[in-house]
1. Could you list, in sequence order, the residues of segment 140-178 that are over 13 Å from residue 48 (Cα atoms), in contact with a Pro (Cβ under 9 Å, 6 or more places away or on another chain) and loosely packed, with under 12 Cβ neighbours inside 10 Å?
2. Can you tell me how many residues in segment 33-75 are over 20 Å from the mean Cα position of the chain (by Cα), in a helix (DSSP H, G or I) and not charged (D, E, K, R)?
3. Could you identify the single residue in 97, 90 that is farther than 23 Å from residue 65 by Cβ, of a type in the set (Gly, Ala, Ser) and surrounded by fewer than 19 Cβ atoms within 10 Å (Cβ to Cβ)?
4. Sort out for me the strands (runs of 3 or more DSSP E) sitting completely within segment 78-153 that have 2 or more residues that are under 18 Å from residue 164 (Cα atoms).
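Throughout, read-outs are computed from the coordinates displayed, never taken from laboratory work. The structure displayed is predicted, hence computed values, not measured ones. Note that each Cβ is placed from the backbone with ideal geometry, even for glycine, and that neighbours are counted across all protein chains shown.
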Amino acid sequence: MLNRGSKKSGYTLVEVLVVVSIMGILSGLGVAGLRGAVINSRMKDCALNTTAFLERMANEANRISKRLCIVADNDQRLTAYINDDCTDMSAAEVFDSFVLEAPAKFGCDNQITIDYDGGDWSQDGAVFVPRIGLSAAPAEGYVCMQYGSSTVYAMAHKMKNNNMIIPKWRAGSVWNKL
């Protein structure tokens, strides 16, 4: 005799709903983590690319034996001008420029304290003076960057005891070298 209906095949609606809801919760957590990882990666790229631009401008100042003035034209563009005294940029010749991809911007909000000498080059400007055998970059200073209104930052930092500009990144309370 056949016993019909005593064995079920397939899943019940409750089992399917439980599995789908668990998958939804896990994917929601994954998206939040992925977004943070993307922001961190973009700011690390900003630090590396800004550092490369500043190092290249230091090399170019030495190569052409002229002063280059680096100033931020807006929140997302640094421009290098050829100018002897770096005071009147309206008459200066544009040498090169570097643009950050939005929402990254030059400058950092007041949530962080930066205890580095030399000032923020993106806010104050910087004069790259040709020097034989040394970087043309000022002895000290930095360019700070922020990702939108988040608390993820990047920096290109020049210290007095170092002849190169160092890229740094911060997503917590400590600046990390890249």
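1. Those that are over 13 Å from residue 48 (Cα atoms), in contact with a Pro (Cβ under 9 Å, 6 or more places away or on another chain) and loosely packed, with under 12 Cβ neighbours inside 10 Å: 148, 149.
2. 4
3. The unique qualifying residue is 90.
4. Qualifying strands (runs of 3 or more DSSP E): 126-128, 141-147.
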